[in-house]
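Structure first, commentary second.
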Amino acid sequence: MNIDRPDKSFALFAQEERKLSDRWKLDLGLRFDFSSYRQSFLSPRAALIYQPSSEWTYKFLYGRGFRNPSAFELFFDDGGRSGAPNPNARPEKADAIEVDVERRLGKRMNLVAAAYGYRLRDFLVGVYTDAGVIQYQNLGRIRSAGFEMEINGRPSAWLEATASYAIQKSDDNEPDGRLENSPVHLAKLRFAVPWGRKFDVSSGMQYSSSRRTLAGAYTTPVYLADFTITTKGLLPNFDVRLGIRNTVNRQYSDPIALNPLVDTMRQPGRSFFVELIAHAAR
């Protein structure tokens, strides 16, 4: 099979920033994408920013994005054995609205909270035709809404930390409505401390709630923890980083989009790694 369909594309982008007052600012953006055989697309962006003081910032955001169908989704044709082309496939489109609140906590800490919602339309889905082959068609719709909160900074001169929590719900056009590989709860914690003058010690922990697989089953919730030690100037022009991933050796699987018969893949257990970091000579 030989498909020769070269594309020619270009994009134009314009942005305007307006200071409405001492506390209000408006950012507007517009991008136009042209393709010789894909559909042209217009993507607007807008951000209204309100800053009543140096400690508080409010952002009201809107944006529209897209993904053009790939050459594979448009033109793959193996003579009707497994796939059928769809040269009329349209771009996937996403509209997103978000409200952010940022708060400075003293000189060293920051608090960020965000609520968002988005709608994805014309999602490209591989479906079986009457001939028994797969064709990518614009059938899917996804709606999502969520809330995230993060606190980060330096609680003390020797500690750098970040903690975040997110809760969200994403629905598609499946009978039960739950989107695959989309956890409802996600929590993260990371901290780093110096260990003497030559080492930094850091750790990252993550919790993810259960996720739906392609076959409609659900994975078990998982908690992961990593630990890392990094040198600081121990060797001229070189640093060494070593650590442990999945420290508690959790046995878990991630959903994969292969087919309903093989819908999860087991992930590695506890593993050790060593990295050599080279710096340019000064």
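The values are calculated or read from the model by the stated rules, or taken from the named source; none is laboratory data. Because the structure is a prediction, the values reported are computed rather than measured. Here the Cβ positions follow ideal geometry from the backbone for every residue, glycine too, while neighbour counts run over all protein chains shown. Remember, those area values only see protein heavy atoms, side chains included, never the ligands or the DNA or RNA. Shrake-Rupley method; radii C 1.70, N 1.55, O 1.52, S 1.80 Å.
Take every Cα pair under 8 Å whose residues are at least 6 apart in sequence, average their separation, divide by the length of segment 25-153, and the relative contact order is 20 percent.
Starting from the Cα gyration tensor of segment 155-254, take the square roots of the eigenvalues, sort them a ≥ b ≥ c, and report rounded, prolate or oblate (rounded when a/c is under 1.5, otherwise prolate if a/b is larger than b/c, else oblate).
Numbers: a/c = 3.56, a/b = 2.48, b/c = 1.44.
Prolate, because a/c is 1.5 or more and a/b exceeds b/c.
With each label modelled as a point 7 angstrom along the Cα→C-beta vector, the LYS8-PHE191 pair spans 6.0 nm. When you filter the chymotrypsin sites (Phe, Trp or Tyr not before Pro) in segment 142-180 for DSSP loop state and at most 12 other Cβ atoms inside 10 Å of their Cβ, you are left with TRP158. For segment 122-171, the relative contact order works out to 30 percent when only alpha carbon pairs closer than 8 Å and six or more residues apart are counted.
The orientation-averaged projected area of the convex hull spanned by the Cα atoms of segment 1-41 comes to 4.1 nm². Each Cα pair under 8 Å and six or more residues apart adds its separation to the average, and for the chain the resulting relative contact order is 9 percent. For Cα extents along the principal axes in Å, the listed values are (i) 184, 56, 36; (ii) 68, 55, 47; (iii) 52, 44, 42; which was obtained by calculation from the structure presented? Read-out taken from this structure: (ii). Ordering MET1, MET265, MET149 by accessible surface, largest first, gives MET1, MET265, MET149; the 1.4 Å probe counts only protein heavy atoms, with every chain in place. Among LEU26, LEU234, LEU186, the largest mean-square fluctuation in a Gaussian network model of the chain (Cα springs under 10 Å) belongs to LEU234.
Quick one: pull the percent of accessible area on segment 37-184 belonging to carbon and sulfur, 1.4 Å probe, ligands and nucleic acids left out. Numbers along the way, then the final one.
Values: 4670 of 8410 Å².
The nonpolar share, carbon plus sulfur, comes to 56 percent.
Solvent-accessible surface of segment 1-65, averaged per residue with a 1.4 angstrom probe and all protein chains in place: 74 square angstrom. When the Cα gyration tensor is reduced to axis lengths a ≥ b ≥ c, the ratio a/c is 1.5 or higher for segment 52-154, and with a/b above b/c it is classed as prolate. Spatially, segment 34-113 and segment 146-203 are offset by 22 Å when compared through their Cα centroids.
State in Å² the accessible area per residue of segment 196-282; use a 1.4 Å probe, count heavy atoms of protein chains only, and round to the nearest integer. Please list the in-between numbers first.
Values: 5660 Å² over 87 residues.
About 65 Å² of surface per residue is accessible.
The slack in the chain from LYS169 to ALA215, taken as 0.36 nm per residue of separation less the alpha-carbon distance, amounts to 14.7 nm. Take the chain, connect every pair of alpha-carbon atoms lying under 10 Å apart with a spring to form a Gaussian network, then pick out the residue of LYS25, LYS188, LYS198 with the largest mean-square fluctuation. The residue that fluctuates most here is LYS198. With helices as the sole contributors, the chain gives -500 deg cm²/dmol at 222 nm; each DSSP H run of n ≥ 4 counts as -39500 (n - 2.57), and the sum is divided by every residue.
Taking the chain as a Gaussian network, where each spring joins two C-alpha atoms under 10 Å apart, which residue of SER170, SER144, SER53 fluctuates the most? It is SER53.
With each label modelled as a point 7 angstrom along the Cα→C-beta vector, the ALA71-ASN152 pair spans 3.8 nm.
Over 28 Å apart at the Cα level, from the set LYS8/LYS169; LYS59/LYS188; LYS25/LYS107; LYS19/LYS93; LYS59/LYS169; LYS8/LYS93, are LYS8/LYS169; LYS19/LYS93.
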